[in-house]
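The values are calculated or read from the model by the stated rules, or taken from the named source; none is laboratory data. Everything numeric in this text was worked out from a predicted model, so none of it was measured. Note that we place each Cβ from the backbone using ideal geometry, even for glycine, and neighbour counts take in every protein chain shown. Surface areas here come from the heavy atoms of the whole protein model, side chains and all, with no ligands, DNA or RNA. Shrake-Rupley method; radii C 1.70, N 1.55, O 1.52, S 1.80 Å.
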Amino acid sequence: MAEVNAKMLAEDGERDPAVLADRIGKLADEFDDVASRSRAAAVDWLQGVRLPPSAVACHLLEECLVHGHDIARAAGRPWPIQRHHALLAIEGGALPLIAALSPTAFVNQEKAGFFRARFDVRLRGGGRTLLVFDGGSLTLDAAGARDVDAHVSADPAALMLMFIGRQGMWKPLLGGKLAAWGRRPWKLARMLTVMSPP
């Protein structure tokens, strides 16, 4: 994905925020039109995985939220991310993508080594997911919070920005947007160094 992004940026030199905003608005309208007419149960998406159109839409929402955050930060402007938008991006986009891609897709293989951990992640206002890291792989387990290293309660926007590498864990921890407890909550810091979204 990094290579694809670099190629796209090299081919499109537009950097004026107003022009880009208009372009995004036009593309959003086109996406709405296509999505409203789509009857497909699944579509091809990143790295050839097939996902429901709703998961693709939620992944695109995540991209808009994260890159909107990047642009706003560079421009010194606020970029509030609403909880329900972040929940859609995570539960509707990121989690189905993690489940569909190879278990190694979201893990930096060089940094992972023999890292093993189980995290019961509870999204505030949303559901629970068990993240299982096992020596270079990441899988999701819906079986429940058994034998976990840490329970994590997180504001969805804070968790999304942490997972995508836009902020560390200390600001959300100190601001009450993240809490971790259990037998080995310190593994959360190691998990963030191992995560590597495609």
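Of the trypsin sites (Lys or Arg not before Pro) found in the range 54-154, the ones in coil according to DSSP and having at most 10 other Cβ atoms within 10 Å of their Cβ are ARG146. Estimated from helices alone, the mean residue ellipticity of the chain at 222 nm is -13500 deg cm²/dmol (sum of -39500 (n - 2.57) over DSSP H runs with n ≥ 4, per residue).
Counting only DSSP beta bridges with both residues in the chain, the antiparallel share comes to about 80 percent. On the beta carbon distance between ARG37 and ALA6, with R0 = 41 Å, the FRET formula returns roughly 0.80.
Split the accessible area of the chain by element, probe 1.4 Å, and carbon with sulfur accounts for 58%. Among 100-110, 48-58, sorting by the average number of other beta carbon atoms lying within 10 angstrom of each residue, highest first, gives 48-58, 100-110. Counting only heavy atoms of the protein chains and using a 1.4 Å probe, ILE98 has close to 20 Å² of accessible surface.
Rolling a 1.4 angstrom probe over the protein heavy atoms with all chains in place gives the range 1-109 an accessible area of 66 Å² per residue. Put simply, the amide H of ARG116, placed in the peptide plane, has neighbours under 5 Å in GLY135, leaving out anything fewer than 5 places away on its chain.
Loop-located chymotrypsin sites (Phe, Trp or Tyr not before Pro) in the range 121-198 (DSSP state other than H, G, I, E, B) with a sparse environment of at most 14 neighbouring Cβ atoms within 10 Å: TRP186. List the pairs from LYS111/LYS171; LYS7/LYS187; LYS26/LYS177 whose alpha-carbon separation is above 32 Å, in the order I gave them. Cα-Cα > 32 Å for LYS7/LYS187; LYS26/LYS177; rest within.
Between SER102 and ASP44, the FRET efficiency estimated from the beta carbon spacing at R0 = 25 angstrom works out to 0.95.
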